[in-house]
Amino acid sequence: MMEKNIVEIKKRIDAACQKSGRNPSEVTLIAVSKTKPICVIEEAYDLGLRHFGENKVQELVSKYDILDDKYGDTIKWHQIGHLQRNKVKQVIDKSVLIHSVDSLRLGQKIDEEACKKGLVCDILIQVNIAEEDTKYGVTAQELLPLFMELVKLPHIRVRGLMTIAPYVENSEKNRDYFRKMRQLFIDIKSKNIDNSLSKINYDSSSFNILSMGMTGDYEVAIEEGATMVRVGTGIFGERDYPETNL
Ligand SMILES: *Cc1c(COP(=O)(O)O)cnc(C)c1O
């Protein structure tokens with residue numbers, strides 16, 4: 001079952017790339033394994049998946065700890081859910097990318113903990129592109145000011161943007177949101193940020209990740225420029241209990 005799902009998703013990713021003149025190597029599939037047990041993750045790994053996304057810090061850390069001996073650095077964990085400041089310390093050296101930074105306070109905490117561990121932490125800024133009350137993330141207006149503050153933090157590397165689009169039956173309804181995300185991404189990337197003015201550590205070539213698209217809409221997201229898609233149910237089937245804290 002899972003094998004069939006993965007083959008199908010890869011086929012669709014390729015088709016979406018083809019349609020939009022992109023190279024499939026530009027798109028990373030993140031298997032969202034929240035609520036799924038270790039044996040299921042092992043199965044996905046054996047089928048060739050390497051990137052896994054988790055919502056909750058406790059779950060990411062415990063899965064990391066269990067699978068670290070077996071897979072080491074070949075398995076990559078992504079913190080995709082909302083992150084509380086008091087949990088930053090636990091996740092910072094176990095996740096390759098934190099997708100959900102949406103405040104300066106959180107950024108400062110990550111910077112502080114990364115400094116203690118002698119790391120530079122890769123992060124994305126989460127944008128609430130549809131301005132839904134139920135979702136975390138900054139608005140389009142708040143994005144640039146936050147970005148300009150985050151790039152001053154020496155132990156953070158801002159790698160791009162992330163969004164969770166609204167839940168829709170028809171994925172076309174999210175196309176405009178994905179398009180807006182890509183425009184925000186390009187606006188920032190093309191900005192001339194003068195590193196000499198202050199202690200800004202920003203290199204536009206490493207600002208190259210656009211994390212958007214889930215089971216219901218990853219093809220449209222890819223057509224509009226996603227470089228990471230986060231797919232859970234499409235790979236693993238329905239989750240046993242409903243998610244919280246998007
Ligand atoms: C659960 C989740 C996903 C995956 O959702 P599916 O619809 O199951 O593909 C993607 N991104 C985030 C942030 C999630 O919490």
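Read-outs: derived from the displayed coordinates by stated rules, not from any lab. Bear in mind the structure is a predicted one, so any value in this text is a computation, not a measurement. Note that each Cβ is placed from the backbone with ideal geometry, even for glycine, and that neighbours are counted across all protein chains shown.
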**Message:** It is to be established whether one or more residues within the range 130-140 are within 18 Å of the chain's Cα centre (by Cα) and over 20 Å from Leu161 (Cβ atoms).
**Reply:** no
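For residues that are hydrophobic (A, V, I, L, M, F, W, C) and more than 23 Å from Lys10 (Cβ to Cβ), tally how many sit in the range 33-73. Walk me through it before giving the result.
Filtering the range 33-73 for residues hydrophobic (A, V, I, L, M, F, W, C) gives 38-41, 44, 47, 49, 52, 57, 60-61, 66-67.
Next cut, more than 23 Å from Lys10 (Cβ to Cβ) only: 38, 57, 60-61, 66.
Looking only at that region, the number is 5.
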**Request:** Pull up the range 136-159, narrow it to residues that are part of a loop (DSSP other than H, G, I, E, B) and of a type in the set (Val, Ile, Thr), then point me to the one that is farthest from the ligand (Cβ to nearest atom).
**Result:** Val151
**Message:** Any residue at all in the range 160-169 that's surrounded by 19 or more Cβ atoms within 10 Å (Cβ to Cβ), in a helix (DSSP H, G or I) and in contact (Cβ under 8 Å) with a residue 60 or more places away in the chain?
**Reply:** no
**Request:** Only one of these is more than 16 Å from the ligand (Cβ to nearest atom) and touching a residue at least 12 places away in the same chain (Cβ under 8 Å): Asp102, Asp68, Asp133, Asp122. Name it.
**Result:** Asp122
